[in-house]
Amino acid sequence: MSTIDILAIVLFMVIVFMTGMAFSKASGNNMKSFFAADGAVPWWMNGLSLFMSFFSAGTFVVWGAIAYADGLVSVSIQWTMCIAGIIIGIWIAPKWQKTKILTVAEYITKRLGLEIQKTYTLLFLGVSIFTAGGFLYPVAKIVEVWSGIPAAYSIIVIGAVMAIYTAVGGLWAVVVTGVLQFIVLLAAVIIVVPLSIEHVGGMSTFFGKVPEGFMNFTGGDYSWGFLLAFGLYNLFFIAGNWAFVQRYTTVSSPKEAKKVGWMFGALYTISPLLWMLPPMLYRVVDPSLSGLESEEAYMLMCKTVLPVGMLGLIVGGMVFATSSSINTTLNISAGVITNDIYKRLFPHTSDLHLVKIGKLATLAFGALTIGIALLVPLMGGIVNVILTIASLTGAAMFLPPLWTLFSKRQTGFSVLFTTIASLVVNLFMKFISPLLFDITLSRANEMILGVALPIALLMVFEMVNKAKGVEYIEETPQTSQEDEVSTEAAAANIHGIKVMSWGIIAVGILLSALGAIADSSKLMIIGVASVILLLGIVMLVRSKKNN
């Protein structure tokens with residue numbers, strides 16, 4: 001990687017870092033401001049942030065590896081997320097918004113009791129540490145492939161940078177930097193995809209060189225059964241994961257919450273085809289990658305086709321797009337620690353002190369995330385880690401509380417029993433059964449078991465409790481009326497759009513400069529940069545008019 005590329009990475013890192021730090025005052029002096037942005041984030045910002053928080057967890061490394069090895073099935077897997085987003089937008093997101101909660105732990109306390117909440121909180125925080133660590137590892141892997149810098153160093157430095165600006169800026173920093181990262185990644189796709197197609201000699205040449213079955217919707221470990229189970233997992237995960245629920249509850253009305261889910265689904269309709277093309281195309285460039293090497297396919301294709309100067313910006317975009325999931329997890333985990341643990345232990349703590357605790361919790365959770373990320377290579381690689389966490393914990397953790405949004409028959413016992421029993425069975429089949437009985441589930445069967453068991457248990461409890469006449473009675477009726485956006489929240493919205501506008505303008509200027517010195521594809525790069533620059537200027541002008 002050239003000096004110009006390294007400079008581009010540093011400059012983009014500075015843009016993202018300064019964007020996050022710009023919310024040091026806007027994050028507020030109370031928990032609702034810091035962890036919920038006063039509950040009035042514009043739906044389109046939350047929709048883009050949700051997309052980046054979910055999509056970026058492993059698109060370039062996890063799904064890129066599957067795209068290189070198995071082809072179009074990587075797109076099929078991600079289309080299940082599109083279906084999940086549509087369902088969430090229609091039925092689930094507005095339900096969450098009506099609860100008016102700060103965290104899912106708060107909802108569990110109200111619906112199922114404090115003791116149940118304590119257990120779920122411990123489980124959630126434990127799973128979140130591993131999930132965030134699994135998200136941080138691909139970031140370092142990207143940097144290692146491009147620059148040769150050992151992954152361990154990148155994990156420590158990048159993890160620390162993200163934890164700092166998330167601790168300072170709160171939810172606003174997470175949301176706005178997520179939107180900024182989306183802009184950069186969209187620009188990357190517009191540039192990388194056509195150059196990749198041209199490099200392999202066109203799509204007809206590509207189709208003629210790929211192995212048999214490469215363009216099938218299923219293949220290898222990824223059968224129709226796996227896709228069905230993974231689709232249900234995605235539905236439960238996106239609808240019930242505490243970090244993602246935050247995106248549905250921090251808008252002003254159920255109608256706005258619906259739009260968040262629909263936007264997520266719309267973006268996942270088109271984006272999988274665009275994101276997965278480069279690693280699929282790289283299969284005909286170099287078919288020799290095997291094992292963990294396939295995790296590098298996306299980056300290697302970009303490295304092959306991008307001109308000098310653009311490499312650094314694309315790497316920076318990939319790094320901070322992938323890190324969006326970590327920021328989201330850090331913020332909501334710190335919120336749970338502050339609101340549902342510390343505040344209950346010290347109920348008379350002032351709001352200002354609680355915000356300080358939230359910031360310290362963010363930094364502490366960031367340190368734990370760094371530690372887990374350093375251990376990922378010892379766990380069998382990122383694909384194994386991500387899919388194992390998904391199959392073992394996804395439905396077991398998030399479906400039971402989600403079920404209670406629609407059912408009055410579930411109790412604290414039924415919900416917690418379902419979670420614990422499902423986790424125990426899944427862990428047994430994953431780690432104990434192969435040793436004791438030499439029985440190992442395929443990836444598809446592992447995913448099917450992880451989804452089917454909690455569904456079956458909850459249905460049994462539903463029927464039993466109905467026969468017993470068990471029914472939860474709400475203490476206060478829910479309302480679907482739109483909340484009035486406070487003056488402080490409206491001001492925060494305007495400030496957020498202004499900061500985002502300046503961030504987009506800075507990216508447009510940086511991309512224009514890189515296009516000017518590029519040794520190829522100048523017009524394409526400058527054209528994309530001009531569109532980004534114009535977008536930033538238009539948003540800035542409109543924000544000033546609304547001030």
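The values are calculated or read from the model by the stated rules, or taken from the named source; none is laboratory data. Owing to the predicted nature of the structure, the values given are computational and were not obtained by experimental measurement. Here the Cβ positions follow ideal geometry from the backbone for every residue, glycine too, while neighbour counts run over all protein chains shown. The area values use the complete protein model at the heavy-atom level, side chains included, leaving out ligands, DNA and RNA. Shrake-Rupley method; radii C 1.70, N 1.55, O 1.52, S 1.80 Å.
Positive end of the dipole of the chain (Cβ unit charges, origin at the Cα centre): among A395, L273, T338, the Cα lying farthest that way belongs to T338.
Relative to the current alpha-carbon distance between Y472 and K118, full extension at 0.36 nm per residue lengthens the span by 125.4 nm. Here's the list of lysines a cross-link from K303 could span, going by alpha-carbon distance under 24 Å and ignoring same-chain residues fewer than 8 apart: K141, K209, K522. Translational diffusion of segment 89-157 was estimated from the Stokes-Einstein equation, with Rh taken as the Kirkwood radius over Cα pairs; at 20 °C and 1.002 mPa s the coefficient is 143 µm²/s.
Assign one of three labels to segment 1-132, namely rounded, prolate or oblate, based on the Cα gyration tensor with a ≥ b ≥ c the square roots of its eigenvalues; rounded applies when a/c is under 1.5, prolate when it is not and a/b is larger than b/c, and oblate otherwise. It comes out oblate by the Cα gyration axes. Peptides 111-122, 130-141, 412-423, ordered by how many other C-beta atoms sit within 10 Å of their residues on average, highest first, read 130-141, 412-423, 111-122. Only the Cβ atoms of Lys and Arg (+1) and of Asp and Glu (-1) were treated as charged; on that basis the dipole of the chain about its Cα centre amounts to roughly 1180 debye.
Selection among I238, F226, Y248 by position relative to the dipole of segment 190-327 gives Y248 as farthest towards the positive end (Cβ unit charges, Cα centre). Based on C-alpha pairs under 8 angstrom that are at least 6 apart in sequence, the chain has a relative contact order of 29 percent. With an a/c value of 1.5 or above and a/b not larger than b/c for the gyration tensor axes a ≥ b ≥ c computed over the alpha-carbon atoms, segment 175-280 is described as oblate. A straight chain from S530 to F217 at 0.36 nm per residue would run longer than the Cα-Cα distance by 109.0 nm.
Computed across segment 217-266, the Kirkwood radius stands at 12.4 Å (inverse of mean 1/r, all Cα pairs).
In order along segment 430-446, phi translates into HN-Hα couplings of 7, 10, 8, 4, x, 7, 7, 10, 6, 10, 10, 6, 5, 4, 5, 5, 4 Hz, rounded to whole numbers, per the Karplus curve 6.51 cos²θ - 1.76 cosθ + 1.60 with θ = phi - 60° and x for Gly and Pro.
Approximating the spin labels as points 7 Å out from Cα along Cα→Cβ, the M203-to-V157 distance works out to 4.0 nm.
The ellipsoid that matches the Cα gyration tensor of the chain has semi-axes, each √(5λ) in whole angstrom, of 36, 30, 20, with the longest given first.
Pair-distance distribution P(r) for segment 79-196, from all Cα-Cα distances in 5 Å bins starting at 0: 2, 8, 9, 13, 20, 19, 13, 8, 5, 2, 1, 0 percent.
Working note: 222 nm ellipticity from helices only, DSSP H runs with n ≥ 4, each -39,500 (n - 2.57), summed and divided by the residues of the chain, gives -25000 deg cm²/dmol to the nearest 500.
Accessible surface area normalised per residue over segment 320-359 is 37 Å², counting heavy atoms of protein chains with a 1.4 Å rolling probe.
For the chain, carbon and sulfur atoms together expose 68% of the accessible surface, with a 1.4 angstrom probe and every protein chain in place. In this simple spin-label approximation, I509 and T349 carry label points 7 Å from Cα along the Cα→Cβ vector, and these lie 4.0 nm apart. Of the three principal axes defined by the Cα atoms of segment 43-99, the extents in descending order read 43, 19, 16 Å. Orientation-averaged projection of segment 240-295 equals 5.7 nm² [convex hull of Cα atoms, one quarter of hull surface area]. Spin-label model, I90 to R542: label points 7 Å out along the Cα-to-beta-carbon direction sit 2.9 nm apart.
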